[in-house]
Amino acid sequence: MQILPTPSSSLSSLRVSSMESLSLTPKSLPLKTLLPLRPRPKNLSRRKSQNPKPISSSSPERETDPKKRVVITGMGLVSVFGNDVDAYYDRLLSGESGIGPIDRFDASKFPTRFAGQIRGFTSGGYIDGKNDRRLDDCLRYCIVSGKKALENAGLGPDLMDGKIDKERAGVLVGTGMGGLTVFSNGVQTLHEKGYRKMTPFFIPYAITNMGSALLAIELGFMGPNYSISTACATSNYCFYAAANHIRRGEADLMLAGGTEAAIIPIGLGGFVACRALSQRNDDPQTASRPWDKDRDGFVMGEGAGVLVMESLEHAMKRDAPIIAEYLGGAVNCDAHHMTDPRADGLGVSTCIERSLEDSGVAPEEVNYINAHATSTLAGDLAEVNAIKKVFTNTSEIKINATKSMIGHCLGAAGGLEAIATIKAINTGWLHPSINQFNPEPSVEFDTVANKKQQHEVNVAISNSFGFGGHNSVVLSGIGLNHQHIRFYPSGCRAHQVTCRYGPNMEVMDSSHAVNTAKFIFKPGNINFTRFRPYGGRTNHHPSGLDQVTHDMQVRPFKIHVLRTGHEVGLLFFGCLACHFYITSIRMFSVYIFFVTVDMIMTQPYCHD
């Protein structure tokens, strides 16, 4: 998910002097040519001038080795909104609450009688009938979401052979509570009937590592395999660890995420005893209300969220659908209290700073945060305080709370929220934080209150924190599909741009309805000259050079290679004709492109 260009003189070193001087194969790419980079935010120079303590004098370094860069190629989930990723995000965008009365057991004697309970779940053929009846829901959710993630990544049962080395594919799906139903039933059987009546599956199906183990057994994945249990921070810990296995060369592909199924009497009763849950039984759908003055605790949820993570090199070799890039992350501990966060947010702010360092991302590049935001009195404000310590200017950062709609899914929370974050990156829409009735005045962010917002995500952060003081932060950015490419002309001179795309991709001018300029590039370079006498947008960059931005979209298209001469002439006049238009808002706008083509394409990249 690499995003932003570094505005420095070093960029010129990426230019090449001739068409033949660049061989764009995965093993011989110049720095930062595999995924596209985005310009820094418009007002970066102004914001820096207002900040008396600049965060750094130079931009952080991003990872450039395609063997160490980690990309997301598939997503799978089980949620209160169903098992389909797109349907899940559509319902989030609509601001629908998945919270309702508990009907799985008699909760009438509990002070909290509602949750984000999954109803009508079926494994849909992903688990054989005998095991489906035996398994704890925690394991069922894990297996279904893991297999659906692989299908989403183009690695279904009939497609996997020959595409991956199973000895270098691993599974790291964690859980905060484990097989709680199996454990509870086993304890009850022991108490009422004695040990002889206990199921032999009691231990295997209760321990936390069995979700990863069963997935690996079914898939034949022989790489790193274990689980992490850090309460509600579990999923992010798994993403962080899985990415590091790939970065260290120990795996090419990892299934990573979290699963949880704790809405049973012992789970509900335990959190009631902690006095952590909302008791808004008269109106369950408004009970989860992060950052609202009247919040009174979190709402339990359940489900699973799993990502397919691969090295960029591996994903490119198998022509995978790259939907996002894992930029980096960090984990640490508050070392403060068993359940309460530090009021000053020190542990969380340190974790965010370390995640930015690990990612090679400057704080001003982040413009979206999917917050932990559980709707607890202390936790919500502690997180906000931590974010303020790192991001001194909050005006361009949007922050939202997935838990306001699906509840707190404990060990699976980070997995489901990672999917929501990636969908926000790809769709350009942020789901709302619902139930924002009486907001805390100290929350100086746009919380996307009650209504979805369109927002081009630059770099996204997803936070997850857990009992014990466990803090985890992961950063992600845009992938290859759904990518907007930007070209940066230097003044009025001919400007050389190097671009890479996937095979058989169409590059289309989309900023002002120029849908006739279609071309596919062969390896080489592009020279773009752009004349801009009227209209358009100019971004003032801290390097001192104005950047003229122009959006391009990537879509599948049959191969058509433009050469020179009459084809370029036709493209020029076609673009010129399409760019003459008059509207009530904009007066007159002319863009002229000259394209000299003997160029690339295998994955998107555009760089000055």
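What the table below lists for this structure:
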item	result
Contour excess over end-to-end distance, with Cα ends at Glu167 and Asn438 and 0.36 nm allotted per residue	92.2 nm
With every protein chain in place, segment 116-161: carbon and sulfur % of accessible area (1.4 Å)	43
Solvent-accessible ranking of Cys232, Cys333, largest area first, probe 1.4 Å	Cys333, Cys232
Cα-based shape type of segment 161-233, given that a ≥ b ≥ c are square roots of the gyration tensor eigenvalues and the cut on a/c is 1.5	oblate
Apportionment of accessible area to carbon and sulfur, segment 276-391, percent (1.4 Å)	48
For segment 192-288: rounded, prolate or oblate by the Cα gyration tensor [a/c cutoff 1.5]	oblate
Label-reachable residues, segment 406-449, where backbone N falls under 19 Å from a point 7 Å from Ile266's Cα toward its Cβ	410-412
Most to least packed among 219-231, 313-325 [average Cβ atoms within 10 Å]	313-325, 219-231
Stretch gain in nm, segment Asp294-Lys193, where the contour uses 0.36 nm per residue and the Cα spacing is subtracted	31.7 nm
Ranked by how many other beta carbons lie within 10 Å on average, peptides 235-243, 286-294, 254-262 from highest	254-262, 235-243, 286-294
Efficiency of FRET between Glu61 and Glu250 - r from beta-carbon atoms, R0 22 angstrom, step 0.05	0.45
When each of Lys166/Lys317; Lys403/Lys451; Lys109/Lys193; Lys68/Lys317; Lys403/Lys452 is checked by Cα-Cα distance, pairs over 20 Å	Lys109/Lys193
Accessible area expressed per residue, segment 264-389, with surrounding protein chains retained (probe 1.4 Å, Å²)	33
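The values are calculated or read from the model by the stated rules, or taken from the named source; none is laboratory data. The shown structure was predicted, so the numbers you read here are calculated from the model rather than taken from an experiment. Reconstructed Cβ throughout: ideal geometry from the backbone, glycine too, with neighbour counts over all protein chains shown. Side chains are part of the model used for accessible areas, which takes the heavy atoms of the whole protein and leaves out ligands, DNA and RNA. Shrake-Rupley method; radii C 1.70, N 1.55, O 1.52, S 1.80 Å.
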